[in-house]
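What follows draws every value from the coordinates through simple rules; no lab data is involved. The shown structure was predicted, so the numbers you read here are calculated from the model rather than taken from an experiment. Virtual Cβ from ideal backbone geometry, glycine too; neighbours counted across all protein chains shown.
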Amino acid sequence: MRDLTQPLEECLQAMGEKHNLQDVLRRYPAERDQLIELLRLSVDLGGLAPSGPSADPAFRLRARNRMLAAAAQRRRARRWNPLDALPRSAARLAFAGALAVAVLVGGLTSAAASGNSLPGDPLYPIKLGVERAQLAITFDPAARARLHARFADVRLSEAQRLVAAGRVQDGVRQVDQYDTAVAQLHHALAGTTFDDAAIAELRRFMNEHEASADASLQSLAGSLAAGGDSQAAAAVARTRSHADETWKGSQRDLQARPSAPPAEHAQSHAPAVQQPKATGD
């Protein structure tokens with residue numbers, strides 16, 4: 001089995017330098033799945049940085065090298081792994097469960113404390129890391145869409161709090177992050193098939209969130225204009241218009257998308273198996 005140290009190092013370097021990660025993964029087709037799992041774990045837990053002063057760079061480098069060396073040694077040793085005996089879907093569920101336990105056990109206190117943090121606060125990276133971890137362990141498409149919508153609401157709430165605290169430019173930047181979160185919701189819905197009940201529930205859910213967010217953005221732009229900051233007010237108004245188009249586009253896509261029949265309905269309409277006719281002797 002190939003040593004993953006060098007491929008993983010190349011992937012991490014590509015991510016750090018904003019290069020095309022797919023180019024690196026294409027060079028290692030046989031190890032692609034394992035690399036993606038390691039990278040997801042690295043990204044999810046990377047956001048869970050503890051509060052307080054950051055670790056010494058030399059210590060972080062030594063810790064990272066130890067992690068890579070341990071991974072390489074495990075690959076070379078080829079010890080039996082119970083996950084290898086499971087189907088791929090079951091193995092992925094087990095991996096997700098391990099990730100959930102790591103997140104819950106390792107960062108429960110900090111995660112709870114980070115809920116009210118704002119950009120620039122020491123705990124804010126933990127807040128974002130918990131959100132990424134929640135998305136990573138949520139496999140139901142409708143549930144993932146609701147998470148994306150909830151995180152969009154969080155970004156908008158953060159923007160309002162930043163403006164109220166006098167950090168207007170930070171607030172405008174967070175409004176842009178809200179727009180990005182709405183776009184992520186749109187992409188999460190694309191190409192996913194839902195049954196009629198799920199489509200109806202998602203459309204109702206999205207209608208409520210879009211109406212609330214639109215009213216909040218309108219109020220925020222109005223308060224900025226009343227305070228004499230016409231430039232910030234105009235930026236919020238532009239984001240409001242763009243996000244509104246994205247929300248409505250997602251709802252149109254849901255409405256036009258063919259639905260999948262419920263599982264029990266599909267089974268009841270399954271073709272009957274033709275039994276062979278009995279033949280006489």
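Each label was represented as a point 7 Å from its Cα along the Cα-to-Cβ direction; for residue 253 and residue 9 these points are 4.0 nm apart.
Peptides 115-123, 127-135 ranked from most to least packed, by the mean per-residue count of other Cβ atoms within 10 Å: 127-135, 115-123.
One chain, two ends: residue 135 and residue 195. Fully extended at 0.36 nm per residue, the span grows by 19.5 nm beyond their Cα-Cα distance. Using a simple spin-label model with pseudo-atoms 7 Å out from Cα toward Cβ, residue 230 and residue 40 lie 5.0 nm apart.
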